[in-house]
Amino acid sequence: MLKNEAYVEGKTSVWWDIDRCPVPVGYDACRVGPCIQSALEKLGCSGPLTITAVGNLKHTPEHVLRGLSSSGIVVKHSPCGGRNISTYIRNWTLDNPPPAKIMFISDSFGVKSVSRSLSWLQARGFNILLACEDTLNQASATCAGWLWKTLLEGETTRRQPLQTGESARFFCTVCVDVKSYECFSCQSLADFTMHLWGKEHGAREFDCTPRDLTIDKDYLKMMAGDDDDDSSSNRIVKELLESLET
Ligand SMILES: [Zn+2]
């Protein structure tokens, strides 16, 4: 793939639906981060990079979670998986205006289900990149794209772990503090596993979907500035709120 000037500047945020596009059986999870990084560099993406794996992680093997976090991939437990990723992506764009780049990793069904959100962002100047577990569908015609297994066959050179830009490695998006909007987070895999199988988490997970959607709207309202604030981030917040109200 040739380098593209459009991809050189700005941050790249990778959002990975690990439920629909898991680490292949027998594949070393430590290699995923370096392979994604290498593929992006070949395309010309040389700015800061963060990778976030999102999914229902209760049944993800510990060695996979350990491998991902040790290479600097942020891991988020979200029992609704990919359904929530478009919300996380949109929230990320509030603080990271174009020419930021967004890479989405899923299967063809997952890509199709967020294609409206991605098109919306693309129309506002974000560069969208895709990696797909099965086939690259029509959405990839306007984006740079990879097949997941091809991408994972890339470079294996040992690299420094990515800078996550986060205060922790593991997050539980179910257990959100209603006042601060901060979700549960920790540095240690042992603490994360204990949390996911604890009673408090279990009770919250039972009805997480309506809570997630409520928080999203409230979060946007909290982020919205004054009416005369004409900054690009505030315009995006207001457009998002309007799209949710209709
Ligand atoms: Zn939790």
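Only the coordinates and a few stated rules stand behind these numbers; no lab work does. Computed from a predicted structure; not experimentally measured. Because the Cβ atoms are built from the backbone with ideal geometry, glycine has one as well, and the counts that use them run over all protein chains shown.
Given H placed 1.01 Å from N in the peptide plane, which residues other than close sequence neighbours of Leu147 have an amide H under 5 Å from its amide H? Residues meeting the amide H criterion: Cys132.
For the pair Trp197 and Glu182, label points projected 7 Å from Cα toward Cβ lie 2.7 nm apart.
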